[in-house]
Amino acid sequence: MHMDTGDISVDELDGGFDLQATVESGQSYLWRREDGRMYDRTDAHGGDAWYYTVLPSTETETNEPEVLRARQTDGRLEWVASTPNAYAHLEALLRLDDDLDAIIGSTPEDDLVERAYDAYRGMRLVRDPSFACLVSFICSAQMRVARIHGMQTALAEAYGESVAFDGETYAAFPTAEALAAATEAELRDISLGYRAPYVQRTAEMVANGEALPEEARGLDYEAARESLTRFVGVGDKVADCVLLFSLEYLEAVPLDTWIRTAIEDHYPDCEQGNYTDTSRAIREQFGGQYAGYAQTYVFHYLRAGGE
DNA sequence: TATCCAAGGTAAGTT
DNA sequence: AACTTACCTTGGATA
């Protein structure tokens, strides 16, 4: 199998980069750590650990799953991959093409947002494959971050295509067809709980072409959100996550429990009594165009214990 | 050791 | 259209 290795200096990226913060901040559940220590708060500088993801065959030039491993150490981002264009894939998945300095510079003055930006400078949004992102956030309902991650790993190991690379076996995230063929009981057996039928039915909708997450692309933001709520288990909040973490709507601000707490404590005027209006208000508070960046930093900052 | 509770919400049933 | 309630499971907190 092909092997592509290389590295770049993180200084070449506008605004720097923080791999650990990017993949362990609860925006993507599709990266795993080789040492298995995801979300360990005592792991203050796990930043030099190897992480990996497996691109689904639908996202690759070779039409087979591709393994992408990366780590950040001594100011360099290294990769080892089974893909011919590994850096291009890394750049896309981890939004290395974003000009972070410009994005952060365009955010309105705000005490909480600035503290969050200062604490995790270099964290980037992700660009997850849409179906995997959709399933991840359907699973996120009333769940802790570590368990959401565990569910995606379990789904990959049970229903994903496996690929051998560099002496190891890796599991890709399952296709819609594979999950559509699973039964609710099977999905409950891997601890999805009441989310099991949501995942199965949504997978079915995608597999038979009744609706595709990609169909939201290009619609006006609120219409795009509405489009995603067609899927079972997807309300406004999950739809916003898919828009932000996969479909490039960087203005989306998912109203999760942490952001709702932040609104209560810091932006009480933004509370409008319903999702749509509160969402508009906090989006404006965070500067509109890149409001989702501010949301993700604040989410990670508060969840990690900041105030 | 047992019990309780909250975790990145959504769907279905009531007013 | 707005408001309640049930829903799976589990790790960590509390008694």
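Below are the figures for this structure:
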| read-out | value |
| --- | --- |
| Relative contact order computed over the range A:141-283 (Cα-Cα under 8 Å; 6+ residues apart), in percent | 12 percent |
| Taking the range A:26-175 and dividing mean pair separation by its residue count, relative contact order in percent (alpha carbons under 8 Å, at least six apart) | 25 percent |
| Environment charge at A:A119 (Cβ cut-off 15 Å; Lys +1, Arg +1, Asp -1, Glu -1) | -2 |
| Helical mean residue ellipticity (222 nm; -39500 (n - 2.57) per DSSP H run of 4+; nearest 500) of chain A | -12000 deg cm²/dmol |
| Karplus (6.51, -1.76, 1.60) ³J(HN,Hα), θ = phi - 60°, over the range A:59-75, in Hz, Gly and Pro reported as x | 9, 10, 6, 8, 6, 9, x, 10, 8, 10, 10, 8, 8, 10, 8, 6, x |
| Tensor-based shape of the range A:142-202 (alpha-carbon gyration tensor, a/c under 1.5 rounded, otherwise prolate or oblate) | oblate |
| The range A:178-276: C-alpha gyration tensor shape, a/c 1.5 cut-off, then a/b vs b/c | oblate |
| Positive-end extreme of charge dipole, chain A - chosen from A:N85, A:F245, A:M143 (charges on Cβ) | A:M143 |
| Solution diffusion estimate, µm²/s, Stokes-Einstein, chain A, Kirkwood Rh from C-alpha pairs, 37 °C, viscosity 0.692 mPa s | 167 µm²/s |
| Selection of GluC sites (Glu not before Pro), the range A:8-79, meeting DSSP coil and at most 12 other Cβ within 10 Å | A:E34, A:E61 |
| Relative contact order for chain A, counting Cα pairs under 8 Å that sit 6 or more residues apart, in percent | 18 percent |
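Bear in mind these aren't lab numbers, they're just calculated from the coordinates by the rules spelled out. All of these numbers come straight from a predicted model, not from anything done at the bench. Cβ coordinates were reconstructed from backbone atoms using ideal geometry, including for glycine residues, and neighbour counts include every protein chain displayed.
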